[in-house]
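Quick notes on the structure that follows.
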Amino acid sequence: MKKFITANIGLTALLGSGFAHAGLSPYYIGVGAGVTNNNGSSSNFCPTCNGSQYDTKKRNNAYKVYGGLNLTDTLAVEAELTDLGKTYELDMYRPDNGIPGNPAERAHATQKTRGIGISAKANRNLGRRTSVYGKVGAFAWENKNKMDYTNQVGISETYKTKDRGISPTLGVGIEHEITDRVSVRAGWDHYFNTGKGDQFLHLDSNQNFADLRSVKTDTDMIYVGATFNF
């Protein structure tokens, strides 16, 4: 990930120097906040956990910092630092013999995703101060996987793992200039397969804990942002 960041900073500096000599100010930076929705399901948790009941949560809050370089009036390169929040979240309840009211196992599982991205962004003006855009790129993510587990006699354990990867992204949005230096945007970004596999909890042959691995969920982020040009 460090090499990824270094390469993007170097590319931006190199391209930006040419615009500076031309007397232009092509840079922008912004912050955004919004909500996410993922396509995770109970089938991604533990296929061998028979007799379990699940409550899957799909929505979460998300935040991003973004910045870019306008190469032309219609083309830009944009980088982002994004916290997608929980891209997988589930509660498990498994009563003894499947009978409600019996002593039960309980688990709360979360997969938190954040990362950096780089995209090519195409703009089209709708008027003097309003434009729409589309972008496509890659997102280098890190997942923090966690499960809080309580067995039938009330003994609790917490398990944690991490994993990393790179996934494609795309997005669309609309921007409006309030002044020559400040604009606002509303956007939708889609992050593909931010995970390693199709199963979160892995058990050994004795049905004891073996590992946590992030699951491949697609996540949509809808957000509003404020952008500052300089």
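Given the options 163, 96, 148, name the one that is touching a His at 6+ places or on another chain (Cβ under 6 Å) and either among the small types (Gly, Ala, Ser) or farther than 23 Å from residue 31 by Cα (or both).
148
Given the structure, is residue 129 within 30 Å of residue 47 (Cβ to Cβ), of a type in the set (D, E, K, R) and either at pLDDT below 95 or touching a helix residue (DSSP H, G or I) at 6+ places or on another chain (Cβ under 9 Å) (or both)?
In short, no.
Being within 30 Å of residue 151 (Cβ to Cβ), out of contact with any Ser or Thr (no Cβ under 7 Å at 6 or more places or on another chain) and either touching a residue at least 24 places away in the same chain (Cβ under 8 Å) or not β-branched (Val, Ile, Thr) (or both) is true for just one of 204, 180. Which residue is that?
204 is the lone residue from the list that is within 30 Å of residue 151 (Cβ to Cβ), out of contact with any Ser or Thr (no Cβ under 7 Å at 6 or more places or on another chain) and either touching a residue at least 24 places away in the same chain (Cβ under 8 Å) or not β-branched (Val, Ile, Thr) (or both).
Among the residues in segment 87-96, are any assigned to a strand (DSSP E or B) and of a type in the set (A, V, I, L, M)?
yes
Give just the number: which of (1) over 21 Å from residue 78 (Cα atoms); (2) in contact (Cβ under 8 Å) with a residue 60 or more places away in the chain; (3) of a type in the set (A, V, I, L, M) does residue 140 not satisfy?
Result: residue 140 fails condition (1) only.
Sort through 76, 104 and tell me the only one that's more than 26 Å from the chain's Cα centre (by Cα) and small (Gly, Ala, Ser).
104
Going by what's in this entry, would residue 102 be described as polar (S, T, N, Q), part of a helix (DSSP H, G or I) and more than 26 Å from residue 144 (Cα to Cα)?
no
Against the conditions (1) at pLDDT 95 or above; (2) outside any strand (DSSP E or B), where does residue 61 fall short? Just the number, please.
(2)
Restricting the search to segment 49-80, which residues are surrounded by fewer than 17 Cβ atoms within 10 Å (Cβ to Cβ) and either acidic (Asp, Glu) or in contact with a His (Cβ under 9 Å, 6 or more places away or on another chain) (or both)?
Passing the criteria: 55, 73.
Could you look through segment 23-44, keep only residues that are buried (at least 17 other Cβ atoms within 10 Å of the Cβ) and within 19 Å of the chain's Cα centre (by Cα), and pick out the one that is farthest from residue 193 (Cα to Cα)?
30
Out of 105, 89, report the one residue that is within 19 Å of residue 199 (Cβ to Cβ), among the charged types (D, E, K, R), modelled with pLDDT under 95 and surrounded by 16 or more Cβ atoms within 10 Å (Cβ to Cβ).
105
Looking at 169, 113, can you tell me which residue is in contact with a His (Cβ under 9 Å, 6 or more places away or on another chain) and touching a residue at least 40 places away in the same chain (Cβ under 8 Å)?
Being in contact with a His (Cβ under 9 Å, 6 or more places away or on another chain) and touching a residue at least 40 places away in the same chain (Cβ under 8 Å) holds for just one of 169, 113, which is 169.
Among the residues that make up segment 132-148, is at least one of them among the β-branched types (Val, Ile, Thr), out of contact with any Lys or Arg (no Cβ under 8 Å at 6 or more places or on another chain) and at pLDDT 95 or above?
Scanning segment 132-148, I find at least one residue that is among the β-branched types (Val, Ile, Thr), out of contact with any Lys or Arg (no Cβ under 8 Å at 6 or more places or on another chain) and at pLDDT 95 or above, so the answer is yes.
The values are calculated or read from the model by the stated rules, or taken from the named source; none is laboratory data. Because the structure is a prediction, the values reported are computed rather than measured. Cβ atoms come from the backbone with ideal geometry, glycine included; neighbour counts cover every protein chain shown.
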